[in-house]
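The values are calculated or read from the model by the stated rules, or taken from the named source; none is laboratory data. Quick caveat: nothing in here was measured; it's all calculated off a predicted structure. Don't worry about glycine lacking a Cβ; one is built from the backbone with ideal geometry, like all the others, and counts go over all protein chains shown. For accessibility, only protein heavy atoms count, side chains too; no ligands or nucleic acids. Shrake-Rupley method; radii C 1.70, N 1.55, O 1.52, S 1.80 Å.
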Amino acid sequence: IVVELLTKNVKEDHLREIFGKYGLIKDLKLPMNPAFNTNRGTAYIMYEEIEDAEKAIAKMHEAQLDGAKINVSI
């Protein structure tokens, strides 16, 4: 899944904790801006099971994370 509109404060461990509630995360990529050591606003999460990804999208799309509304999609 793709998680967009993240604030600069969000770290990989935050995402693992929040999105891990929906199932086993196989892979998580949070590209960083090396100049500022902040994320680029988008994360990519791969679950072991497609049903878990669908649950995460259903529950987290347009949810609040660190005070900002995020987009979650395939």
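Taken over the stretch 50-66, residues that are open to solvent by 30 Å² or more (accessible area, probe 1.4 Å) and either within 14 Å of K11 (Cα to Cα) or touching an Asp or Glu at 6+ places or on another chain (Cβ under 7 Å) (or both) amount to 1. How many of the residues making up the stretch 29-49 are over 12 Å from V3 (Cβ atoms) and open to solvent by less than 100 Å² (accessible area, probe 1.4 Å)? The number of residues fulfilling the criteria is 7. For the stretch 14-26, the condition of being touching an Asp or Glu at 6+ places or on another chain (Cβ under 7 Å), under 12 Å from I1 (Cβ atoms), open to solvent by 20 Å² or more (accessible area, probe 1.4 Å) and part of a helix (DSSP H, G or I) holds for at least one residue. Listed by first and then second residue, the pairs with beta-carbon distance under 7 Å, at least 6 apart or on different chains, first residue in the stretch 53-67 and under 16 Å from L5 (Cα atoms), second charged (D, E, K, R), are E62/K69. Reported count of residues in the stretch 1-32, each being without any contact (Cβ under 8 Å) to a residue 40 or more places away in the chain and under 16 Å from E54 (Cβ atoms), is 7.
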